[in-house]
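Enquirer: Before I ask anything, let me first share the structure, which is written out below as structure tokens.
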Amino acid sequence: KEAIAPTDKEFKPVLTKIAAAKPDLIYYPVFIGAGSLITRQAKEVPGLEKAVLMAADRTFSPDFLKGAGTAAVGMYQSSPDLSAFAGGYQTFLANHQKKYNEKPLSIFHAHAYDGAGIIFAAIEKVAVKGPDGSLYIGRQALRDAVAATKDYDGLTGKLTCDKNGDCANPVIAVYQITADNVSKALTPDKPI
């Protein structure tokens, strides 16, 4: 187990220290920039030739593949299982593509959409219109309405919130990056 700073650019010293332990797998839950650099630099560190690389969902992006390049081929990423999303997800993707002329940029797009939907539904329940037409939303009332959410039909499934406001229905998958994934990321006109 090693730590890095979000601003680090040179990871070979840390990777060299890790290589001394002869790891079978290196898992790095970092963001796109650091993940791309770690992936590239791990391929250059003696002792890590056979180590399997695995990054977290925060790197699940074409930008990561562009930054890591061919060094990413064969590695793994954990991420939300897109195939487990509820009905309506494909329609959402088509509508997004039509409106913005691109696929969603983050792997958390469906979760963000559901989170916004839950908040909007809670606002509808608790908002009070003042005599001057102003809209008032009580902080505690909004919090209570979100926590009371049950069986919300979201893109990611049927969601029920708990007293802490946790509403997710996490289904995680592990994906392996192929040469075709990298090729498509490096060729802007090809969809990933």
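The values are calculated or read from the model by the stated rules, or taken from the named source; none is laboratory data. Everything numeric here is computed off the predicted structure, so don't read it as measured data. Glycine gets a Cβ as well: all are built from the backbone with ideal geometry, and neighbour counts include every protein chain shown. Please note that ligands, DNA and RNA were not included when accessible areas were found on the heavy atoms of the full protein model with its side chains. Shrake-Rupley method; radii C 1.70, N 1.55, O 1.52, S 1.80 Å.
Enquirer: What number do you get for the chain when its Cα radius of gyration is normalised by 2.2 N^0.38 Å, N = residues?
Expert: It is 1.29.
Enquirer: Amide H neighbours of Ala173 under 5 Å, counting only residues 5+ apart in sequence or on other chains, H built in-plane at 1.01 Å?
Expert: The answer is Ser79, Asp81.
Enquirer: Please work out the C-alpha center-to-center distance from the range 1-72 to the range 127-191 and express it in whole Å.
Expert: Distance between centres, Cα-based: 29 Å.
Enquirer: When only the heavy atoms of the protein chains count and the probe is 1.4 Å, how do Met75, Met54 rank by accessible area, highest first?
Expert: Per-residue accessible area, sorted high to low, gives Met54, Met75.
Enquirer: Percent of Cα-Cα pairs per 10 Å bin, from 0 to the last occupied bin, for the range 57-121, please list those.
Expert: The percentages, shortest bin first, are 18, 44, 31, 7, 1.
Enquirer: For an R0 of 25 angstrom, estimate the FRET efficiency from the Cβ-Cβ distance between Lys17 and Thr70 and round to the nearest 0.05.
Expert: Efficiency at R0 = 25 Å is approximately 0.50.
Enquirer: For a 19 Å ceiling on Cα separation, which of these pairs sit above it: Lys9/Lys103; Lys129/Lys150; Lys66/Lys103; Lys43/Lys103?
Expert: Cα-Cα > 19 Å for Lys9/Lys103; Lys129/Lys150; Lys43/Lys103; rest within.
Enquirer: May I pose another question? For Leu25 and Lys1 in one chain, what is 0.36 nm times their gap in residues minus the Cα-Cα distance, to one decimal in nm?
Expert: 7.5 nm
Enquirer: Helix-derived [θ] at 222 nm for the chain: sum -39500 (n - 2.57) over DSSP H runs of at least 4, divide by residue count, nearest 500?
Expert: Result for the chain: -11500 deg cm²/dmol, rounded to the nearest 500.
Enquirer: Another question, if that's okay. Grab the other residues whose beta carbon is less than 14 angstrom from that of Ile123, score K and R as +1, D and E as -1, and report the net.
Expert: So the environment of Ile123 carries a net charge of +2.
Enquirer: Need the full-extension length gain, Thr160 to Ala84, defined as separation in residues times 0.36 nm minus the C-alpha distance. One decimal, nm.
Expert: My answer for the length gained is 25.7 nm.
Enquirer: Still on this structure, please answer the following. How far is helix 109-126 tilted, in degrees, relative to the longest principal axis of the Cα atoms in the chain, given as a value from 0 to 90 rounded to the nearest 10?
Expert: 20
Enquirer: Let me know the whole percent of all Cα-Cα pairs from the range 37-79 that are separated by more than 12 Å.
Expert: The proportion of pairs with Cα distances above 12 Å equals 57 percent.
Enquirer: To the nearest 20 Debye, how big is the dipole of the range 30-183 about its Cα centre, given +1 on the beta carbon of each Lys and Arg and -1 on that of each Asp and Glu?
Expert: Using only the charged Cβ atoms, the result is roughly 160 debye.
Enquirer: Here is a follow-up. Along the Cα-to-C-beta direction of Ser183, a point sits 7 Å from the Cα; which residues of the range 93-113 have their amide N less than 17 Å from that point?
Expert: Within reach of a label on Ser183, which here means backbone N under 17 Å from a point 7 Å along Cα→Cβ, the range 93-113 contributes nothing.
Enquirer: Another one. Rg to Rh ratio, the range 1-115, alpha-carbon atoms and Kirkwood radius?
Expert: Result for the range 1-115 is an Rg/Rh of 1.06.
Enquirer: How much of the DSSP bridge set in the chain is antiparallel, in percent, rounded to the nearest 5?
Expert: 60
Enquirer: While we're here: When the C-alpha atoms of the range 95-192 are aligned to their principal axes, what extent does each axis show, in angstrom, from largest down?
Expert: 59, 31, 18
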